[in-house]
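Engineer: What follows is a structure written as structure tokens; I'll ask about it next.
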Amino acid sequence: MDSGICFSLERTHVLVPFNSRDDLLSGHDIAEEIRSLQLDSAASEVNGVINPEDAKPEEVEEVDKMEEDSNDNVTISTLEMQAETSKVKDKEVHVSEDVGAPVEMEEDNKKRHLNVVFIGHVDAGKSTTGGQILFLSGQVDDRTIQKYEKEAKDKSRESWYMAYIMDTNEEERVKGKTVEVGRAHFETETSRFTILDAPGHKSYVPNMISGASQADVGVLVISARKGEFETGFERGGQTREHVQLAKTLGVSKLLVVVNKMDDPTVNWSKERYDEIESKMVPFLKLSGYNVKKDVRFLPISGLLGTNMKTRMGKAICPWWNGPCLFEALDAIEVPLRDPKGPFRMPIIDKFKDMGTVVMGKVESGSVTEGDSLLVMPNKTMVKVLAVYCDENKVRCAGPGENVRVRLSGIDDEDILSGFVLSSVARPITAVTEFDAQLQILELLDNAIFTAGYKAVLHIHAVVEECEIVQLLQQIDPKTRKPMKKKVLFVKNGAIVVCRVQVNNLICIEKFSDFAQLGRFTLRTEGKTVAVGKVMELPLGYNS
């Protein structure tokens, strides 16, 4: 597919969530525990900020699928220390200035919009692939590329120059590691895409989560180079960790691109490609993906741009008969969202610009210029002065869109990350406790999970300390039914319904009503210890 494609980039702003504490996530091989309990996340998405790991307890009947990750125990002091070490910074990507005039809203609405996150182990080639997409789209000119080539050569890192398009600050370029989530926009004839370039290093997993929590589709980049696939896939590697996190965060579709196929250790070998696919498929199934329906594999070279914008010739890879990357992205189908549902937009950032401007992803409903809305949980009535989608001012925006909304009636100092812009007629619920269904993954040093257990709760853009105040019942993982005996504590692998309490009001929904705002994770000391769903909200709490 060689159709015209246009790109624009925008700066990623990050606002530290209320009581924000960034965790450093270390990988764990938890595939065995995912086998029968995956978080049911098809067709849902979550909005996030730095370290927004989602999850929310859920109904006993909806115990179908649960997601998993790592685990640990948490203290306030360690959280504060970690918050200092893994903050996302603003990222600017320089592209050619002739991006083109803003399109009319009516034209925009003819095209579907998908959020795509690039995930995978460190050095798999995510930033290089993203940079190559920009270059192939004509948004980075030859002079800029030559400048980056010289800069990379001066650092004795000749092969990194494409990554410099996405990795714009000096720390990223010197270390060769993405820290921030880069963001880009491009269009095909049928679709508009927001691409999020997530960091692969385990120290920046919270930032990866901020990208994945906003995505509908994941592009898992795997290095085919000898030894590199094995490093990412073995216990503790980010290939495994990112897959499990993506599924937990609602990334329902996955493209697995086997990168670096041009490497001398590979040389477009079908045997190497088949080996990687054969090892990934069972793991993807254990992680909750329907491989036949929701996953697609394809070989590429991110550095050379092979099999990305156009299909590669038989002279390069005689055995490949499938699509190129752009075609595969264009062919992905995700469930339609309801633009007439109650409006929900978790706020991930705010700033002043001729009024108060909030940023986030529309999770439900639509927003139109002139609308009256509520900012929850502080119940402040606001009016929508303007709506921006990408860089274009539009009259309205529907679910799935990443938008900036200019408001009147509230000062930016009265808004925190994790607040939700909500409809007046059906406002989101604000609570300090709720009932949840949890899948326990791996507790620190095989600790016991019981009443009084404390962790950090991540749900959409919210990061809050929480405490388990009561274990209500344990679920039999085989029958999916409540067990009769009273439960006092549970260990790794257990499914338990419990009551969770937080210090401040947070805006959440039952998973059965809004999956995007009803799934969460519990983390301690940089590791995910449990994933869950919001099961019940207490009576009497309301907007």
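The values are calculated or read from the model by the stated rules, or taken from the named source; none is laboratory data. Just so it is clear, the structure is predicted and the values come from calculations on it, not from any experiment. All Cβ positions, even for glycine, are placed from backbone atoms using ideal geometry, and neighbour counts span all protein chains on display. Quick note on the areas: whole protein, heavy atoms, side chains included, nothing else; ligands and nucleic acids left out. Shrake-Rupley method; radii C 1.70, N 1.55, O 1.52, S 1.80 Å.
Engineer: Among the residues that make up region 303-317, is at least one of them within 30 Å of Lys527 (Cβ to Cβ) and either within 23 Å of the chain's Cα centre (by Cα) or in a helix (DSSP H, G or I) (or both)? Quick ask: steps written out before the conclusion?
Structural biologist: Step one: list which residues in region 303-317 are within 30 Å of Lys527 (Cβ to Cβ), which gives none.
No, every residue in region 303-317 fails to be within 30 Å of Lys527 (Cβ to Cβ) and either within 23 Å of the chain's Cα centre (by Cα) or in a helix (DSSP H, G or I) (or both).
Engineer: Let me ask something additional. Among the residues of region 301-328, which ones are of a type in the set (A, V, I, L, M) and touching a strand residue (DSSP E or B) at 6+ places or on another chain (Cβ under 6 Å)? Before you say what the answer is, go through the steps one by one.
Structural biologist: Our first condition is that a residue be of a type in the set (A, V, I, L, M); within region 301-328, this holds for 303-304, 308, 312, 315-316, 325, 328.
Residues satisfying the conditions are Met312, Ala328.
Engineer: Looking for whichever is within 15 Å of Val403 (Cβ to Cβ), under 18 Å from the mean Cα position of the chain (by Cα) and at pLDDT 90 or above here; the options are Val362, Val357. Which one fits? I'd like the intermediate steps shown before the answer.
Structural biologist: Values: Val357 fails: under 18 Å from the mean Cα position of the chain (by Cα).
Result: Val362 is the single residue among Val362, Val357 that is within 15 Å of Val403 (Cβ to Cβ), under 18 Å from the mean Cα position of the chain (by Cα) and at pLDDT 90 or above.
Engineer: As an exercise: evaluate Met308 against (1) among the hydrophobic types (A, V, I, L, M, F, W, C); (2) touching a residue at least 60 places away in the same chain (Cβ under 8 Å); (3) touching a Lys or Arg at 6+ places or on another chain (Cβ under 8 Å) and give the number of the one condition it does not meet.
Structural biologist: (3)
Engineer: Among what's in region 233-247 and is modelled with pLDDT under 80 and more than 14 Å from the chain's Cα centre (by Cα), pick the residue that is most open to solvent (accessible area, probe 1.4 Å).
Structural biologist: Within region 233-247, the match that is most open to solvent (accessible area, probe 1.4 Å) is Arg235.
Engineer: For region 281-297, which residues satisfy the criterion of being open to solvent by less than 40 Å² (accessible area, probe 1.4 Å) and either in contact with a strand residue (DSSP E or B) (Cβ under 6 Å, 6 or more places away or on another chain) or on the phi > 0 side of the Ramachandran plot (or both)?
Structural biologist: Passing the criteria: Leu284, Gly288, Tyr289, Asp294, Val295, Phe297.
Engineer: Ok, one more. Which of the residues that make up region 329-354 are among the β-branched types (Val, Ile, Thr) and over 30 Å from Leu298 (Cα atoms)?
Structural biologist: Residues of region 329-354 that are among the β-branched types (Val, Ile, Thr), as a first pass: 332, 334, 347-348.
Across region 329-354, the qualifying residues are Ile347, Ile348.
Engineer: Can you tell me how many residues within region 482-530 are touching a Leu at 6+ places or on another chain (Cβ under 6 Å) and among the acidic types (Asp, Glu)?
Structural biologist: Selection size over region 482-530: 1.
Engineer: Any idea how many residues of region 310-327 are more than 16 Å from Val258 (Cα to Cα) and open to solvent by 90 Å² or more (accessible area, probe 1.4 Å)?
Structural biologist: Here the count works out to 2.
Engineer: Is it the case that Lys309 is charged (D, E, K, R) and on the phi > 0 side of the Ramachandran plot? Break it down stepwise before answering.
Structural biologist: Working: charged (D, E, K, R): yes; on the phi > 0 side of the Ramachandran plot: no.
When the stated conditions are applied, Lys309 does not pass them.
Engineer: Given the criteria farther than 30 Å from Val382 by Cβ and touching a helix residue (DSSP H, G or I) at 6+ places or on another chain (Cβ under 8 Å), does Leu286 qualify? Steps first, please.
Structural biologist: Numbers: farther than 30 Å from Val382 by Cβ: yes; touching a helix residue (DSSP H, G or I) at 6+ places or on another chain (Cβ under 8 Å): yes.
It is true that Leu286 is farther than 30 Å from Val382 by Cβ and touching a helix residue (DSSP H, G or I) at 6+ places or on another chain (Cβ under 8 Å).
Engineer: All but one of (1) within 23 Å of the chain's Cα centre (by Cα); (2) under 30 Å from Arg426 (Cβ atoms) hold for Tyr289, so report the exception by its number.
Structural biologist: (2)
Engineer: Which one of Thr231, Thr310 is more than 24 Å from Val116 (Cα to Cα) and among the β-branched types (Val, Ile, Thr)? Reasoning before the result, please.
Structural biologist: Values: Thr310 fails: more than 24 Å from Val116 (Cα to Cα).
The conditions single out Thr231.
Engineer: Here is a list of conditions, (1) among the hydroxyl-bearing types (Ser, Thr, Tyr); (2) open to solvent by 10 Å² or more (accessible area, probe 1.4 Å); (3) at pLDDT 90 or above, and Ser223 meets all of them except one; can you say which number that is?
Structural biologist: (2) is the only condition that Ser223 fails.
Engineer: With respect to Pro342, determine if the residue is in contact (Cβ under 8 Å) with a residue 60 or more places away in the chain, open to solvent by less than 50 Å² (accessible area, probe 1.4 Å), part of a loop (DSSP other than H, G, I, E, B) and not hydrophobic (A, V, I, L, M, F, W, C). Step through it out loud before you land on a result.
Structural biologist: Working: in contact (Cβ under 8 Å) with a residue 60 or more places away in the chain: yes; open to solvent by less than 50 Å² (accessible area, probe 1.4 Å): yes; part of a loop (DSSP other than H, G, I, E, B): yes; not hydrophobic (A, V, I, L, M, F, W, C): yes.
When the stated conditions are applied, Pro342 passes them.
Engineer: Between Phe351, Phe297, Phe283, which is among the hydrophobic types (A, V, I, L, M, F, W, C) and within 25 Å of Thr190 (Cβ to Cβ)? Explain how you work it out, then say what you get.
Structural biologist: Details: Phe351 fails: within 25 Å of Thr190 (Cβ to Cβ); Phe283 fails: within 25 Å of Thr190 (Cβ to Cβ).
After applying the criteria, what remains is Phe297.
Engineer: If you check Lys279, Lys253, which single one turns out to be touching a residue at least 12 places away in the same chain (Cβ under 8 Å) and closer than 25 Å to Ile133 by Cβ? Break it down into steps so the answer makes sense when it comes.
Structural biologist: Details: Lys279 fails: closer than 25 Å to Ile133 by Cβ.
Exactly one residue qualifies, and that residue is Lys253.
Engineer: For region 248-275, which positions are within 11 Å of Leu220 (Cβ to Cβ) and either assigned to a helix (DSSP H, G or I) or at pLDDT below 90 (or both)?
Structural biologist: Correct list: Val251 only.
Engineer: Looking at the structure I just gave you, is Lys350 in contact with a helix residue (DSSP H, G or I) (Cβ under 7 Å, 6 or more places away or on another chain), open to solvent by 10 Å² or more (accessible area, probe 1.4 Å), part of a loop (DSSP other than H, G, I, E, B) and charged (D, E, K, R)?
Structural biologist: Working: in contact with a helix residue (DSSP H, G or I) (Cβ under 7 Å, 6 or more places away or on another chain): yes; open to solvent by 10 Å² or more (accessible area, probe 1.4 Å): yes; part of a loop (DSSP other than H, G, I, E, B): no; charged (D, E, K, R): yes.
It is false that Lys350 is in contact with a helix residue (DSSP H, G or I) (Cβ under 7 Å, 6 or more places away or on another chain), open to solvent by 10 Å² or more (accessible area, probe 1.4 Å), part of a loop (DSSP other than H, G, I, E, B) and charged (D, E, K, R).
Engineer: Looking for whichever is within 15 Å of Ile508 (Cα to Cα) and under 23 Å from the mean Cα position of the chain (by Cα) here; the options are Val456, Val431, Val420, Val403. Which one fits?
Structural biologist: On the way: Val456 fails: within 15 Å of Ile508 (Cα to Cα); Val431 fails: under 23 Å from the mean Cα position of the chain (by Cα); Val403 fails: within 15 Å of Ile508 (Cα to Cα).
None of the others qualify; the one that does is Val420.
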